[in-house]
1. Please find, among B:Val49, B:Val7, the residue that is at the interface with another protein chain (Cβ under 9 Å from one of its Cβ atoms), assigned to a strand (DSSP E or B) and either at pLDDT below 95 or under 23 Å from A:Trp62 (Cβ atoms) (or both).
2. Please go through (1) under 30 Å from B:Val57 (Cα atoms); (2) assigned by TED's automatic domain parsing to the domain that holds B:Gln254 for B:Gly149 and return the number of the only condition it doesn't satisfy.
3. Kindly indicate whether any position in region A:314-337 is touching a Pro at 6+ places or on another chain (Cβ under 6 Å) and free of Cβ contacts under 8 Å to residues at least 60 places away in the same chain.
4. Filter region B:83-126 down to the residues that are under 16 Å from B:Thr29 (Cα atoms) and of a type in the set (D, E, K, R) and list them by number.
5. I'd like to verify a number: residues in region B:354-380 that are assigned to a strand (DSSP E or B), under 23 Å from B:Lys329 (Cα atoms) and hydroxyl-bearing (Ser, Thr, Tyr), how many?
6. Can you work out which of the residues in region A:288-310 that are over 18 Å from the mean Cα position of the chain (by Cα) and within 14 Å of chain B (Cβ to nearest Cβ) is surrounded by the fewest Cβ atoms within 10 Å (Cβ to Cβ)?
7. Are any residues in region A:52-64 within 13 Å of chain B (Cβ to nearest Cβ) and assigned to a loop (DSSP other than H, G, I, E, B), and if so, which ones?
8. Would you mind finding the one in A:Gly185, A:Gly277 that is in contact with a helix residue (DSSP H, G or I) (Cβ under 7 Å, 6 or more places away or on another chain), touching a residue at least 24 places away in the same chain (Cβ under 8 Å) and surrounded by 24 or more Cβ atoms within 10 Å (Cβ to Cβ)?
Number of protein chains: 2
Amino acid sequence: MRSFSVVLLFLLASVCCAQESGNFQPATTNVWGAEYPRVDGSGRVQLRVKAPEATKVRVNFWSGPKVEMEKQADGFWTVTTTPLVPGLHYYMFLIDGAEVADTGSHAFFGGSKHASAVEVPEPNSTYYSIQDVPHGQVREVWYNSKVTGTWRHALVYLPPNYDTQPKARYPVLYLQHGGGEDETGWIRQGNANFILDNLLATKSCKPMIVVMAYGYARRANQAPPDSTGRPFGSPEMLKAMQEMASAFEDDVTQALIPYIDSTFRTLPDRDHRAMAGLSMGGMQTFQITLNHLDLFSYIGGFSGAGGMLGGRKLDPKTDYKGAFADPKKFAKTVHLLWIGVGTVEPERMRTGLQNLHHSLEEANIRHIYYESPGTDHEWQTWRRDLKDFAPRLFN
Amino acid sequence: MRSFSVVLLFLLASVCCAQESGNFQPATTNVWGAEYPRVDGSGRVQLRVKAPEATKVRVNFWSGPKVEMEKQADGFWTVTTTPLVPGLHYYMFLIDGAEVADTGSHAFFGGSKHASAVEVPEPNSTYYSIQDVPHGQVREVWYNSKVTGTWRHALVYLPPNYDTQPKARYPVLYLQHGGGEDETGWIRQGNANFILDNLLATKSCKPMIVVMAYGYARRANQAPPDSTGRPFGSPEMLKAMQEMASAFEDDVTQALIPYIDSTFRTLPDRDHRAMAGLSMGGMQTFQITLNHLDLFSYIGGFSGAGGMLGGRKLDPKTDYKGAFADPKKFAKTVHLLWIGVGTVEPERMRTGLQNLHHSLEEANIRHIYYESPGTDHEWQTWRRDLKDFAPRLFN
């Protein structure tokens, strides 16, 4: 009994400083019982990690400070960062050269691993946190994909009254994570369910089903590519990426959509089907929707649309198989084309999206272009994107 | 675009050795793309972690080897363990004194943190893995508990035909995790959903709803206890544990059960309500069910029942408020009392359960006592427990 009594004691211990006891408070992203990381009102983050025999410890925020930590007499290493902008910030510790997660943080799948993250609250912003409104449920489902020859896991958000209105049918938004993340990202990092709940509570968007799929795929019986010594941007690597993108496209259109439409009470036509994604998911969205305008009529690219252009100008006549060649036809076919980027994202991402926006304007393609003020290539940008995007769907 | 291209490349790289390429294979518990940990047919595990500047790296299996790792010329540390028994084994690295998770492993919440674990397959055992049978869905729900004054997250397994048989009502099993774990344990570590799917596919158990709640609770406005300098087993610590147990009991009976019964198509009476739990969850189950025999009629204690006795013999007249005082009444009231333990669990746990078993026999209390051969205080024991327990419910 001893082991779990000790655990209990730990769990019961000083879990959360009261507001008045000091400005620094345990982050909402911490596991229960963890006093660190702590965040203050200006967005500074205090970190702490026990590494008594280490000689060098750093913390690397992926879109933020990368700083050395200082060893204390008790074997803990600590640091206080400069202020971070509001939002969820991924980070890892580097302990004597080992990149590791913080055991005080909940795990958020990013960078192809269970990474740490700290939530810096946005003052007076409640749209992405749980409120006393009706809540949709998030379901875990498994579908058998003949494309990949595997069982695939997806998360599905169903709006609050799905169960109590057994004859209602709903439009569907397919919503994709970024590279290195997985199907859990939009719920765990993005709080997409709470964003939808809160929008629905004020009747700011239509009730919809949101499907979050695992964005990596390899065709059945296809051997994994050999990455040994392959340079970035090499033809072999581009080929491998294209193969995966193509396998995922087929998985979505041939396995996932049929599964969703046969499992849930959807409105299974193009007028009631949207797709959006962030970063890699935005690229996937453009590829899949523009190749399948028979299936989709709403398109969202969050910090990642047009990535296949590699920064060059869009050629509306030839790019995306000419989907943008005829603006009138496009306006009739696509009910919404939405692209967005954070104003402090890396230069290349920002100019890529801006160029796409200007190219679309020049080509007279009706679209929405949104900039998230002061946010980087991070989840606060994509939460805001979803908040702006979702109300424009299915009207 | 560069960052997620690199990530993509990583994901595409050598993900899984084919069976014939060697005996050691990446564990099924790895993240996509991770070559380590690797497991061979005898249950040996190879681990690898990059820590180029570290001076000492160990791996600690919680119920297994705790061994030094060896530094290689490339900055990676490696080790191959002795054979482990089949099952899911939690472990952490200790890098220069810092206890950290392995980024190659999926994260499993245990020990109050996102820990690593490696799955050692059980030969010819398919009962806890995904099969080509109808699958239930696992729903994430949030309920507002007046007991704790907070929103609480729970997972709910619904059997395969729940949606297609809109008039069917189902019995409910409340299934609790262990100390240091959370509401995700029975799905992520235990594969409870696949165990139920597979039992249902062979009609080996009744269709049921399984509710997995978060087993920690503090009453609204109750200050967290101060753990400073409090010795193990001290009156203050026991009081804090009792307070938490009592708050959780009220949360289950006053908030969770009413929420579940009003949200899902349950059979909301004691004859159709079971509770079971592992380790700490087994203690909670005994406390909650025996205090509320008006609500429950099936009871399961997996490696944790009777923990409140502290190893002493059960006194049927006084313990658990005399619930065991009258064997005939008990047999009429409780349709199933089930306790189990792994044969290689720590001495204290094993004798605790054996003593409880003998005490119940002496008191003529009808019950099932099950021993899981060769397994420790780990998930393989509890998967087997569920496989034996679930078919005995609601008959």
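1. B:Val49
2. (1)
3. Within region A:314-337, the first condition is being touching a Pro at 6+ places or on another chain (Cβ under 6 Å), and the residues that meet it are A:324-325.
With the extra rule that they be free of Cβ contacts under 8 Å to residues at least 60 places away in the same chain, the set shrinks to A:324-325.
Yes, region A:314-337 contains a residue that is touching a Pro at 6+ places or on another chain (Cβ under 6 Å) and free of Cβ contacts under 8 Å to residues at least 60 places away in the same chain.
4. B:Asp102, B:Glu119, B:Glu122
5. The total comes to 1.
6. It comes out as A:Gly310.
7. Within region A:52-64, A:Pro52, A:Glu53, A:Ala54, A:Thr55, A:Lys56, A:Trp62, A:Ser63 qualify.
8. Values: A:Gly185 fails: in contact with a helix residue (DSSP H, G or I) (Cβ under 7 Å, 6 or more places away or on another chain).
So the residue among A:Gly185, A:Gly277 that is in contact with a helix residue (DSSP H, G or I) (Cβ under 7 Å, 6 or more places away or on another chain), touching a residue at least 24 places away in the same chain (Cβ under 8 Å) and surrounded by 24 or more Cβ atoms within 10 Å (Cβ to Cβ) is A:Gly277.
The values are calculated or read from the model by the stated rules, or taken from the named source; none is laboratory data. Computed from a predicted structure; not experimentally measured. Virtual Cβ from ideal backbone geometry, glycine too; neighbours counted across all protein chains shown.
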